[in-house]
Amino acid sequence: METARITAKGQITIPKKVRTRMSVDAGDRLAFEIDGEGGVRIVPVRDPMKPLRGFLAAYATGRKADDESIRRALRRRAAEKHGRP
């Protein structure tokens, strides 16, 4: 069992073994699910667009893209590929 100490600011450092097992790193988000028995389950919040950002890097224009503009670009590309307006 891994343990962590809570700081005066309510922060903890997640042990490296746990971070590795959860596949999380600095900047990742975690969700805390509280059960009815006083326990807590910690799960990573996955960004469904993250894999696409790397894939689309080859098409970068130098402008920052938000998730919605990426979705629009993917819809446009799919329509072009499949001959739909």
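The values are calculated or read from the model by the stated rules, or taken from the named source; none is laboratory data. The model shown is predicted, which means the values in this text are computed figures rather than measured ones. Cβ: placed from backbone, ideal geometry, glycine included. Neighbour counts: every protein chain shown.
Listed values, structure above:
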{"quantity": "Qualifying residue in segment 21-30 (condition: assigned to a strand (DSSP E or B), modelled with pLDDT of 90 or more and on the phi < 0 side of the Ramachandran plot)", "calculated": "yes"}
{"quantity": "Pairs, first over 16 Å from P48 (Cα atoms) in segment 67-80, second exposed (fewer than 12 other Cβ atoms within 10 Å of the Cβ), C-beta under 7 Å, six or more apart", "calculated": "A79/P85"}
{"quantity": "Residue within segment 54-66 that is at pLDDT 85 or above and either surrounded by 10 or more Cβ atoms within 10 Å (Cβ to Cβ) or not in a loop (DSSP other than H, G, I, E, B) (or both) present", "calculated": "no"}
